Amino acid sequence: EKFIIDLANVILVQSVARRFTTKERAKQIRLLQNLASTTISSAWRGFVDRCNFAIMLSGFALLQATARGCDARKKVRRETVAATAIQRVYRGFMTYNSYILDCASIILCQAGARKWLAMKDAARRRHEKRLEAVTVIQSAWRRFLAESNFIIALSGCVLLQCFVRRYITSKQYKVQQRTRKNAASRIQSAFRSRLYFNRYIDSLIDIIRCQSSVRKYLAMKKLSQLQRIKSESAATRIQAAFRGYTSHMDFVLTICDVIICQSVARRWLANRALLFRLQDLQIKN
């Protein structure tokens, strides 16, 4: 019975000891399990965080590539539009220059043709005036010759009549004296009329010459004024076109500079906002 009691006590002690060792082992196993689960969960969370970070980096890289591609396409589009506008302006400028040169050539040709026509018209009018003057001078000279011959013949006839009448009517002195006085007054009036007519013809010829000289001077002066006015108007048009072109080019260059500054500023603001977002995401993680 004592042996059985001792054996029971030993078995009880052994069971208590085994229970204690089993509890200690269970505690160690739980500790190892907790440590393993903590390690596994930390490793899994690190893996998940690394995967999320890689996905986020790939998304950011894709976003950056998309933004850069969009900026590049916008830049290429703006450069294409600017190049097209510059080509259009340059082609318009070259076309306008060729048009101005053609207009200047046409104006010069018109001026030369009009000058030639004016000179031809002036020569024709001068020739007509000369013909008219020659005709007037010839008619006046012929009239003068006819009047001179008439006066000479008339004076001869009058003298002959005077001598004949004096010879025939020597007895009728008083009557013939009146007749002679009348004849003398007629001769004086005819001679004076001839002298006045000759003076009138000379003054008329001088007046016609003066008129032709003055008209020639006025025509040349008017022609020079017209040429000067045409040259000044052409120079004014060319200057206005060149100033308009320079102002338009300055405006186009200013717009290009403004667009470039805006694109640079917007790119800097976008990069800055992206950096701020990345920093916020890193801080949150």
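The values are calculated or read from the model by the stated rules, or taken from the named source; none is laboratory data. The structure presented is a predicted model; accordingly, all values stated were derived computationally and were not measured. Cβ placement follows ideal geometry from the backbone for every residue including glycine, while neighbour counts extend to all protein chains displayed. Note: areas computed on protein heavy atoms with side chains; ligands, DNA, RNA excluded. Shrake-Rupley method; radii C 1.70, N 1.55, O 1.52, S 1.80 Å.
Odds and ends about this structure:
- Of all accessible heavy-atom area on segment 180-285, the percent that carbon and sulfur account for (1.4 Å): 62
- Among 30-38, 97-105, the order from most to least packed when residues are scored by Cβ within 10 Å on average: 97-105, 30-38
- In segment 222-285, the chymotrypsin sites (Phe, Trp or Tyr not before Pro) that fall in loop regions by DSSP, at most 10 other Cβ within 10 Å: none
- ³J(HN,Hα) computed for each position of segment 246-262 - Karplus, 6.51 cos²θ - 1.76 cosθ + 1.60, integer Hz, glycine/proline x: 4, 5, 5, 5, 4, 5, 5, 5, 4, 4, 4, 4, 5, 5, 5, 4, 4
- Here the sum of -39500 (n - 2.57) over DSSP H runs of 4 or more residues, divided by the residues of the chain, equals -38000 deg cm²/dmol at 222 nm, to the nearest 500.
- Taking all protein chains as they are arranged and a probe of 1.4 Å, the heavy atoms of residue 127 leave approximately 110 Å² accessible to solvent.
- Charge dipole magnitude, Cβ of K and R +1, D and E -1 - segment 63-103, Cα centre, debye nearest 20: 320
- Kirkwood-based shape ratio for segment 32-171, expressed as Rg/Rh from alpha carbons: 2.06
- Charge dipole (the chain, unit charges on Cβ, about Cα centre) - positive-most of 52, 34, 182: 182
- Size of electric dipole in the chain: Cβ of Lys, Arg +1 and of Asp, Glu -1, about Cα centre, debye, nearest 20: 2780
- 20 Å Cα-Cα reach of residue 115 towards aspartates and glutamates, excluding residues that sit fewer than 8 places from it in its own chain: 102, 128, 232
- Relative contact order of the chain: 24 percent, from C-alpha pairs under 8 Å at least 6 residues apart in sequence.
- Near residue 117: Cβ cut-off under 13 Å, other residues only, Lys/Arg at +1 and Asp/Glu at -1. The net charge is +4.
- Here's the picture: charge each Lys and Arg Cβ at +1 and each Asp and Glu Cβ at -1 in the chain, and of 22, 238, 97 the one pushed furthest to the positive end of that dipole is 238.
- Between residue 194 and residue 267, the modelled label-to-label distance comes to 11.1 nm, taking each label 7 Å out from Cα in the direction of the beta carbon.
- Protein accessible area in segment 58-113, 1.4 Å probe - carbon and sulfur %: 67
- Measuring max minus min along each principal axis, the C-alpha atoms of segment 189-285 give extents of 141, 14, 6 Å (largest first).
- Charge-dipole axis of the chain as Lys and Arg at +1 and Asp and Glu at -1 on Cβ define it, positive-most pick from 279, 43, 80: 80
- The chain - Rg and Dmax from Cα coordinates, angstrom: 65.2, 241
- Cα-centred dipole magnitude for segment 240-285, charges only on beta-carbon of K, R (+1) and D, E (-1), debye, nearest 20: 240
- For the chain, the solvent-accessible area with a 1.4 angstrom probe is 85 square angstrom per residue.
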